[in-house]
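These notes concern the structure reproduced below.
The values are calculated or read from the model by the stated rules, or taken from the named source; none is laboratory data. Keep in mind it's a predicted model, so treat the numbers as computed, not measured. When we count neighbours, we look across all protein chains shown, and the Cβ atoms used for this are built from the backbone with ideal geometry, even at glycine. These area figures cover heavy atoms from the full protein model, side chains too; ligands, DNA and RNA do not enter into them. Shrake-Rupley method; radii C 1.70, N 1.55, O 1.52, S 1.80 Å.
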Amino acid sequence: VFNAETAELLSHHQVEIKQEFPREGWVEQDPKEILNSVYECVEKTCEKMKQLNINVANIRAIGVTNQRETTVVWDKTTGEPLYNAIVWLDLRTQSTVERLLKKVPGRNKTFSKFKTGLPLSTYFSAVKLRWLLDNVEEIRKAVEDQRAMFGTIDSWLIWSLTGGKNGGIHCTDVTNASRTMLFNIHSLEWDPELCKFFDIPMEILPTVRSSSEIYGVMVCFPVLESGALTGVPISGCLGDQHAALVGQMCFQDGQAKNTYGTGCFLLCNTGQKSVFSEHGLITTIAYKMGRDKPTFYALEGSVAIAGAVVRWLRDNLGIAKTSEEVEKLAADVGTSYGCYFVPAFSGLYAPYWEPSARGIICGLTQFTNKNHIAFAALEAVCFQTREILDAMNKDCGIPLSQLQVDGGMTNNKILMQLQSDILCIPVVKPSMPETTALGAAMAAGAAEGVEVWSLNPGDLTAVTCERFEPQINPEESEYRYARWKKAVMKSMGWETSEGPSNGNPE
């Protein structure tokens, strides 16, 4: 909860959501658990506000932000999900992608680039939805009976929060729609040709709205005692990376931010024109702040594994009990001692779009220990960001003079300093970490009919920031980066869809 005048964070609560890995490469979440975590956060945040003597009735609008591309199909008559949500990182659709590519002249992955801004990849929602229609009998049946609804997580939440099976609003916003591969980012409509290509029935798709308008109002939940926010409009909706761009106040052409979460996402505002990348970046809608407001576009570089590599060192290798401990291990040596880590656990995203890549650690010697590996893992996050920034500088023609950063991993000071050293430019971090939530709140507060938050550049409060300046010489930085690129080349071409199925139990 933010103060609309000062953008100050007043109260917050968070709940970690479980990821399930039913098979290798599969990543799922329970849509009900996601919804219940939202109920719990609403409840707990309102309790905290009462303790602070802030009247909950002062909450004027609600914004929703979500991990994009994650795909869910539910039954509109029962309100129940028909399968777990397939998470953006999931790789089960590799064979679906291969099959679809056969229908494309010259197997061109970027055949729909000028409509959608996206390459054909396991990453986007259309292929996940295609997999569900092909493999889940219950979903096929629900589509036939006209009971099925598709959405990314924002749609599932808005529908549920505005009444669910009793009149819930089935909608999404332009930013989330622009990540499905079914949406024309120029006409701002679902594209009949693409729906036909993926063989997806258009009637299951949500209505597409702007990122800032009243979609509906909160309904009292049977799950909760208080119903504290009943009747409050839900009036902001942005995919998480777009919300962070707004929360970082990147409203001008050429402003960029990088979010360090599970993955890493660098977005650069390109204004009211869509720029198509020659260097493996994707074109996406940045935001559209109202029904009659212009659409802004962005170039985006996505890295699949950032924070997830720290989690992996913690949970899979057990070299540390907490993420903070990983930072300490790295700090104790201050070097990877020539060891390089390419965490291509889900293939490589931008700028390579190489699903056959897999993770590797190379340059190991008898001297290498867990500290060096921890350092190499942090360095990997920085190198991946550097690759994307290089691509962005080439596409935009104006090199960034500094990088604005946010997300959970930015609390790691070693990482932020490393990032500045590897980019050779300052890294600037706002002292309030909840940038994504702030962006959603701004969109909600600025909506027509709410209008408690002004997005005029003159009215925006300057945020206090921490700056990290490069401390190593550029030659050293270039040398390490060149070695990293060599490691990336070695990570490619591991997986083929033809071979035996990794010994997976069928």
Over the heavy atoms of residue 268, what accessible area does a 1.4 Å probe trace out, to the nearest 10 Å²?
-> 10 Å²
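Below 8 Å, C-alpha to C-alpha, sequence gap of six or more: please give me the relative contact order for the chain in percent.
On the way: 1053 pairs, mean separation 75.3, N = 506.
15 percent.
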Whichever lysines have a C-alpha closer than 19 Å to that of residue 18, once near sequence neighbours (fewer than 8 apart) are set aside = 32, 321
Among beta bridges assigned by DSSP with both residues in the chain, the antiparallel ones amount in percent, to the nearest 5, to 75 percent
Of 317, 438, which has the most accessible area with a 1.4 Å probe, and how do the rest follow in descending order?
-> 317, 438
Too long for a 32 Å Cα-Cα cut-off, among 196/485; 76/257; 44/165; 76/288; 48/413, are 196/485; 76/257
Fraction of the pair-distance distribution of the chain above 44 Å, Cα-Cα pairs, percent = 11 percent
Segment 206-341: C-alpha gyration tensor shape, a/c 1.5 cut-off, then a/b vs b/c | oblate
Dipole magnitude of the chain about its Cα centre (Cβ charges: Lys, Arg +1; Asp, Glu -1), debye to nearest 20 = 760 debye
Can you list the aspartates and glutamates whose alpha carbon is less than 14 Å from that of residue 394, not counting same-chain residues fewer than 8 positions off?
-> 278, 300
So how far, in whole Å, is the C-alpha centre of segment 387-423 from the one of segment 286-351?
-> 12 Å
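Set the Förster radius R0 to 41 Å, insert the Cβ-Cβ distance between residue 140 and residue 413 as r into 1/(1 + (r/R0)^6), and round the FRET efficiency to 0.05. All intermediate terms of the calculation are to be shown ahead of the outcome.
Numbers: r = 51 Å, r/R0 = 1.24.
Rounded to the nearest 0.05, the efficiency is 0.20.
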Obtain the nm distance between the two label points defined at residue 113 and residue 486 by a simple spin-label model: each point lies 7 Å from its Cα along the Cα-to-C-beta direction.
-> 3.0 nm
Would you mind counting up the charge near residue 21? Only other residues with Cβ under 14 Å from its Cβ, with Lys and Arg at +1 and Asp and Glu at -1.
-> -2
Roughly how big is segment 20-241's charge dipole about its Cα centre, with Cβ charges of +1 (Lys, Arg) and -1 (Asp, Glu), in debye to the nearest 20?
-> 640 debye
Per-peptide average of other Cβ atoms within 10 Å, ordering 365-371, 173-179, 88-94, 8-14 highest first = 173-179, 88-94, 8-14, 365-371
